[in-house]
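Worksheet for the structure shown next.
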Amino acid sequence: MNTDKAGTPLTASENIVPDTRHGVILYVEDVNLSFDGFKALNNLNLYINDGELRCLIGANGAGKTTLMDVITGKTRPDSGKVSFGQQVDLLQLDESEIARAGIGRKFQKPTVFEELTVFENIELSLKGDKGIWTALFHKLSGEQKDRIAEILHTIGLVAECHYPAGRLSHGQKQWLEIGMLLAAEPRVLLVDEPVAGMTGQETERTAELLTSLAGKHSVIVVEHDMAFVRSIARKVSVLHQGTVLAEGTMSEIQSNPDVIKVYLGEEQG
Amino acid sequence: MTTQVSESNKTNSLFSSKNPLHLTIGILLITTVLVTLGNLLFPEGSALHVSDYTVSLLGKYLCYALLALAVDLVWGYCGILSLGHGAFFTLGGYAMGMYLMRQIGDRGVYGNPDLPDFMVFLNWTELPWFWAGSDSVLWMVCMVFLGPGLLAFIFGSLAFRSRVSGVYLSIMTQAMTYALMLAFFRNEMGFGGNNGLTDFKEIFGFSLQSPSTKLSLFIATAIALAIAYGICHFIVNSKMGRVVTAIRDAESRVRFVGYKPEHYKVWIFVVSAMLAGLAGALYVPQVGIINPGEFSPLNSIEMVIWVAVGGRNSLYGAIIGAVLVSYAKTRFTAIMPEAWLFALGGLFVLVTLLLPKGIAGLLPTIKQRLITKKDAPDTQQKGAKL
Ligand SMILES: Nc1ncnc2c1ncn2[C@@H]1O[C@H](COP(=O)(O)OP(=O)(O)OP(=O)(O)O)[C@@H](O)[C@H]1O
Ligand SMILES: [Mg+2]
């Protein structure tokens with residue numbers, strides 16, 4: 001079912017560099033997707049600028065995770081266009097090619113490699129050749145070890161680095177997945193509900209981390225925690241029934257009558 | 001950076017207990033030397049004498065051990081439950097069998113210098129094309145690896161690329177070996193039909209009947225097993241081993257990190273098939289026959305049980321499992337052959353229920369019990385803090 005176009009130039013040359021001359025790193029245009037007649041994404045349009053931090057909010061079932069599935073190649077849309085920069089058509093690439101092209105993802109339900117240690121989880125995620133022969137003869141360079149140590153430090157899992165990841169708490173798994181994302185050094189980070197299961201203090205640290213990443217990376221954050229969104233958001237897109245309902249700063253969003261009606265309205269009583 | 005993330009530490013704590021390289025190879029080689037000495041130096045009747053029969057039997061067990069390693073590599077480490085590894089084993093065996101047939105020369109029943117007996121019997125007048133070159137050692141060695149490797153590559157590429165996994169994959173592997181069995185039963189296939197290939201005389205010019213050849217084959221098998229163990233050890237401890245483990249536990253997640261699981265799976269499947277082929281090739285001269293019965297789906301299931309009993313995800317466990325279960329089979333079938341399958345099934349159920357990590361999973365527990373009894377109770381394992 002998946003792309004198996006032998007010798008596509010994009011897979012052959014591993015270094016895909018998105019063309020961002022127009023300032024946009026991710027184009028999602030007129031994307032439609034339905035599951036058995038249910039429209040999960042409905043003429044969805046979204047443009048993410050290079051280096052931007054964008055928050056994506058919306059009620060349960062609005063299609064946020066599905067949108068990430070489409071961008072990362074997990075699900076193919078029925079129609080529409082998704083491209084990385086101006087030219088790289090993401091609909092032609094499979095999950096691993098998209099990841100290597102520089103789009104990283106943290107899942108809503110933290111998924112780490114449970115039998116491997118925290119250290120190994122990060123090791124496998126490091127940017128670099130993901131081919132068989134490299135894997136067979138690979139030795140970590142000093143530089144890579146330093147990088148792993150640095151990431152472990154950032155995500156606060158230094159003491160746990162040799163534990164199997166399956167033994168971590170939910171919050172720690174969240175951190176580990178963020179660490180795996182950092183290790184891959186992607187151009188675009190898709191972060192699905194990063195602070196679920198984190199303490200207030202951890203949430204603050206996550207906010208700091210994500211804001212510091214923006215600029216060098218483009219970051220898309222999905223989150224239900226409005227305080228968290230408020231603390232990091234510059235631009236917010238509201239998803240509703242598979243389509244973008246409104247876009248703007250947090251205060252613009254909050255005063256948007258459509259949004260108040262369908263989304264914030266419910267929450268603020 | 002003040003963090004102390006030492007890699008050596010990790011390697012020690014995680015792997016050395018699971019796959020002791022030097023210990024396993026050491027035990028294997030010492031056993032080989034002892035058996036050799038027992039066979040050569042001690043006269044019959046002495047308590048330390050190892051009979052020729054025992055030597056051959058042990059050689060057979062070591063072939064099974066090599067085969068178990070192959071199964072463990074794909075199942076234990078990569079999560080591919082192959083119920084068709086007997087196909088690779090048997091193909092390797094046939095490659096060797098063809099070479100041994102040609103070694104018979106004109107000493108067959110029909111005395112035809114060019115054609116094996118079964119071809120003369122079928123009124124064939126010349127060798128079929130796929131027998132061309134089968135009298136050369138080099139051809140044989142190539143085919144032992146190429147035959148199983150190619151089949152695994154084609155099968156794996158088709159199955160893994162279309163993302164078949166789990167039960168469906170296992171059923172497909174069963175179907176593969178079953179289909180091969182049916183095909184090889186047919187005389188027209190040119191592999192001796194249901195009699196298979198047998199009545200071998202010599203290997204590399206040495207009589208297969210002579211005790212010294214039997215001993216040499218046993219030693220060769222032990223060395224092959226040691227080398228294969230080293231290769232598997234290298235693979236599972238490399239980054240490849242970690243990627244493959246990650247694929248076993250969360251295949252789709254691996255894709256989002258940028259790896260192509262299907263490439264890794266095909267690769268490890270092919271390596272495993274080649275090891276199985278080697279096991280088959282070493283097996284045939286020691287038992288003196290190869291026939292389509294070896295393709296039987298039941299055989300492939302038995303291999304999986306060896307690994308389950310020994311401990312999947314542990315290389316030495318696979319060896320222990322293969323040797324122990326095969327030994328049990330030898331003893332059991334001597335007493336009541338018809339009950340063996342029930343015993344095997346019962347064993348599998350028991351192990352699955354009581355020892356999910358097999359015998360190898362038991363050893364560290366025993367070791368730890370001994371240690372904690374000796375030492376003060378506060379020297380707990382490091383992980384116990386969590
Ligand atoms: N594989 C699937 N098959 C059928 N329906 C699906 C599938 N994936 C998602 N859906 C449906 O699509 C809709 C959008 O789901 P999605 O997971 O994208 O929502 P979300 O915005 O991420 O919600 P939440 O905030 O709860 O995570 C939901 O109604 C969901 O039931
Ligand atoms: Mg979601």
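Here are the numbers:
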quantity	calculated
Förster-model FRET efficiency, 30 Å R0, residue B:199 and residue B:158, C-beta, rounded to 0.05	0.20
Integer Hz, Karplus 6.51/-1.76/1.60 couplings in order for region B:278-287, x for Gly and Pro	4, 4, x, 5, 6, 6, 4, x, 7, 9
Highest-fluctuation residue, B:100, B:67, B:341 considered, GNM on chain B with Cα pairs under 10 Å	B:341
Summed side-chain charge close to residue B:169 - residues other than residue B:169 whose Cβ falls under 11 Å, Lys, Arg +1, Asp, Glu -1	+2
Net charge over other residues, Cβ less than 12 angstrom from the Cβ of residue B:39 (K, R count +1; D, E count -1)	-1
Angle between chain B longest axis and helix B:297-310 axis [Cα atoms, degrees, rounded to 10]	30
FRET efficiency estimate (nearest 0.05) - Cβ-Cβ, residue A:170 to residue B:30, R0 51 angstrom	0.55
FRET efficiency, residue B:53 to residue A:17 (Cβ-Cβ, R0 60 Å, nearest 0.05)	0.30
Nearest-20 debye value, chain A charge dipole, Cβ charges on Lys, Arg, Asp, Glu	200
Highest-MSF residue in chain B out of B:136, B:170, B:162 [GNM, Cα springs under 10 Å]	B:162
Highest to lowest packing among B:177-183, B:71-77, scored as the average C-beta count within 10 Å	B:71-77, B:177-183
Separation of the residue A:38 and residue A:216 label points, Cα + 7 Å toward Cβ, nm	4.1
Pair residue A:29, residue A:201: separation of 7 Å Cα→Cβ label points (nm)	4.9
Cα convex hull volume per residue for chain B (Å³)	185
Local electrostatic count at residue B:64 - Lys and Arg +1, Asp and Glu -1, tallied over other residues with Cβ under 11 Å	+1
Whether the protein assembly as shown is rounded, prolate or oblate, judged on the alpha carbon gyration tensor where a/c under 1.5 counts as rounded	prolate
On Cα atoms only, tilt of B:358-374 relative to the major axis of chain B in degrees	40
Computed label-point distance, nm, for sites residue A:86 and residue A:241 using a 7 Å Cα→Cβ extension	3.6
Options B:166, B:206, B:225, ranked by Cα towards positive dipole end of region B:148-267, top entry (Cβ charges)	B:166
Peptide-level mean, for A:89-101, of C-beta atoms on other protein chains within 10 Å	3
Overall form of chain A per C-alpha gyration tensor (a/c, 1.5; a/b vs b/c)	oblate
Burial order of peptide ranges A:227-233, B:219-225 (average beta-carbon count within 10 Å, highest first)	B:219-225, A:227-233
Average beta carbon contacts from partner chains per residue of A:133-141, 10 Å cutoff	4
Gaussian network model of chain A, Cα within-10 Å springs - most flexible of A:126, A:116, A:91	A:116
Residue-averaged beta-carbon neighbours from other chains (10 angstrom radius) around A:111-121	6
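Every number here is computed from the coordinates shown, using simple stated rules; none is lab data. Everything numeric in this text was worked out from a predicted model, so none of it was measured. Cβ coordinates were reconstructed from backbone atoms using ideal geometry, including for glycine residues, and neighbour counts include every protein chain displayed.
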